[in-house]
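Student: What follows is a structure written as structure tokens; I'll ask about it next.
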Amino acid sequence: MSAEVSAGFSWSGSPDGRTLLVVDDDTAFRLRLVRAMRDRGLDAVGVADEDEALAVARQDSPELAVVDLRLGPASGLAVVRGLRALDPTTAIVVLTGYGSIATAVEAVRCGAVDYLTKPADADQILAALDGTRGVAETGVPSLARVEWEHINRVLADCGGNVSRAARVLGLHRRSLQRKLSKFPASR
């Protein structure tokens, strides 16, 4: 286990009384989020990968969890499934830097209560965990963002085959590759 979590792990107790597990391979982000959540009264601990997350959850299941969608080469959805299998009452929010409707739907199917794109601050994450994030906070996505999400959904349906997705979308393959190389437009 990482230096953040010792082998004899136990939650330390907090004023809020709730436990939070942060699973993110970005060490700086993970440490900042753990500190911010502790400042908000939660008993938070951070880990870098699926094995550490499930080891902590097996010792004492957290009430809340924040899981990055991409954990290096691995998928955070495996962590979501594992945490839900250990304790179906754990409220899980999935974070990602590359959000799309398809991945949001998949995260919810795996057991997440919400899905946020980075950058998300601690208050937004806490609101999502508590189920108090309103429609006004999510906003209406831009047309460019909707297009990007549609392209990624079609690409996922085509098994990642860019040539096949280009045919389905009625685009030239190079045009599709250019669109895919751009980051999603902000909301």
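Student: Look at Val67 and say whether it is modelled with pLDDT of 85 or more, in contact with a Gly (Cβ under 8 Å, 6 or more places away or on another chain) and either under 25 Å from Asp157 (Cα atoms) or assigned to a loop (DSSP other than H, G, I, E, B) (or both).
Tutor: Here the answer is yes, as Val67 does meet what is asked.
Student: From the residues in the range 91-116 that are of a type in the set (Ser, Thr, Tyr) and buried (at least 20 other Cβ atoms within 10 Å of the Cβ), which one is modelled with the lowest pLDDT?
Tutor: Ser100
Student: Go through the range 38-51 and count every residue that is in a helix (DSSP H, G or I) and either at pLDDT below 90 or touching a helix residue (DSSP H, G or I) at 6+ places or on another chain (Cβ under 6 Å) (or both).
Tutor: Looking only at that region, the number is 1.
Student: Give all pairs with beta carbons closer than 8 Å in which a residue from the range 92-117 that is without any contact (Cβ under 8 Å) to a residue 12 or more places away in the chain meets a residue that is of a type in the set (Ser, Thr, Tyr) and outside any helix (DSSP H, G or I); count only pairs at least 6 apart in sequence or on separate chains.
Tutor: Once the first residue is without any contact (Cβ under 8 Å) to a residue 12 or more places away in the chain and sits in the range 92-117, its partners that are of a type in the set (Ser, Thr, Tyr) and outside any helix (DSSP H, G or I) give Ala104/Tyr115; Val108/Tyr115.
Student: Right, another one. Can you name the residue in the range 11-29 that is modelled with pLDDT of 75 or more and either in a loop (DSSP other than H, G, I, E, B) or not hydrophobic (A, V, I, L, M, F, W, C) (or both) and, of all such residues, is surrounded by the most Cβ atoms within 10 Å (Cβ to Cβ)?
Tutor: It comes out as Asp24.
Student: Can you report the number of residues in the range 43-88 which are under 18 Å from Ala122 (Cβ atoms) and in contact (Cβ under 8 Å) with a residue 60 or more places away in the chain?
Tutor: Selection size over the range 43-88: 2.
Student: Oh, and also: Of these, Leu95, Leu42, Leu71, which one is within 25 Å of Thr132 (Cα to Cα), hydrophobic (A, V, I, L, M, F, W, C) and within 16 Å of the chain's Cα centre (by Cα)?
Tutor: Going through Leu95, Leu42, Leu71 in turn, the sole match is Leu95.
The values are calculated or read from the model by the stated rules, or taken from the named source; none is laboratory data. Given the structure is predicted, the values throughout are model-derived calculations rather than measurements. All Cβ positions, even for glycine, are placed from backbone atoms using ideal geometry, and neighbour counts span all protein chains on display.
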